[in-house]
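Taking it in order: structure first as structure tokens, then the write-up.
The values are calculated or read from the model by the stated rules, or taken from the named source; none is laboratory data. Quick caveat: nothing in here was measured; it's all calculated off a predicted structure. Ideal geometry is used to build each Cβ from the backbone, glycine not excepted, and the neighbour counts take in all protein chains shown. Only protein heavy atoms, including side chains, enter the accessible area calculation; ligands, DNA and RNA are left aside. Shrake-Rupley method; radii C 1.70, N 1.55, O 1.52, S 1.80 Å.
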Amino acid sequence: MARDKISSRERMVNSAVKLLATRGAAGTTIDGVLADSGAPRGSVYHHFPGGREELITAAALVTGERMSAFLRQDDGPVHPREALAQLAEFWRSLLVAGDYRSGCPLVALTVDGGDQIPAASEVARKVFAGWQEQYCDLLTAHGVPRQRAATLSTLTVAAVEGAVILARAQRSTAPLDDVITELTALL
């Protein structure tokens, strides 16, 4: 969508997501978001009266919602393997297109944002828990007993997030591909 067709608030949130994914929490500044989004300076405090913390918290919530979308479709839940394949393709594309500089914004908040941005760090914790619960529900809907589904959902979220980190470190999608292959077989 063209830059002028989305609101300055949405552009700033999208830029905050991008900067969290590439620069981490410490490197995500109001000036950086404004430069990346092209939004006017006055719009920051109009849309985010709480400043940087409110903006980054909004970015964390948007990240959570975007990833949750992989686990559902309009006519009901997707199959767990299909959701995993879509998630893998998303990460594979993002890693390659971004020359392995982009990771999960929520990981950035968890690793280096807790002291700086406590509200956003708490949102990251809740979003990760929500992803686990959503995947657990998806597995349960496809016949996996609830207790087993809970442990498999934790394994899935942890393995995919870890694979993204390894892929960035190795500048290769091989860790992600290996994890997806093993999880697919397990599911």
Q | Where trypsin sites (Lys or Arg not before Pro) fall in DSSP loop in region 56-157, at most 12 other Cβ within 10 Å | A | none
**Q.** the chain - percent of accessible surface contributed by carbon and sulfur, probe 1.4 Å
**A.** 56
Q | Identified option (computed Rg and Dmax of the Cα atoms in Å; candidates [x] 17.1, 52; [y] 16.3, 48; [z] 16.3, 52) | A | [x]
Q. Once amide H atoms are placed 1.01 Å from N in the peptide plane, what residues at a sequence separation of 5 or more from residue 72, or on another chain, have their amide H within under 5 Å of its amide H?
A. 78
Q. With every protein chain left in place, what is the accessible area per residue of the chain in square angstrom, probe 1.4 Å?
A. 50
(Q) I'd like the Karplus ³J(HN,Hα) series for region 127-136: coefficients 6.51, -1.76, 1.60, θ = phi - 60°, whole numbers in Hz, and an x wherever there's a Gly or Pro. (A) 5, 4, 4, x, 4, 4, 5, 5, 5, 4
Q: Take every Cα-Cα pair in region 120-187 and report what % of them are more than 13 Å apart.
A: 66
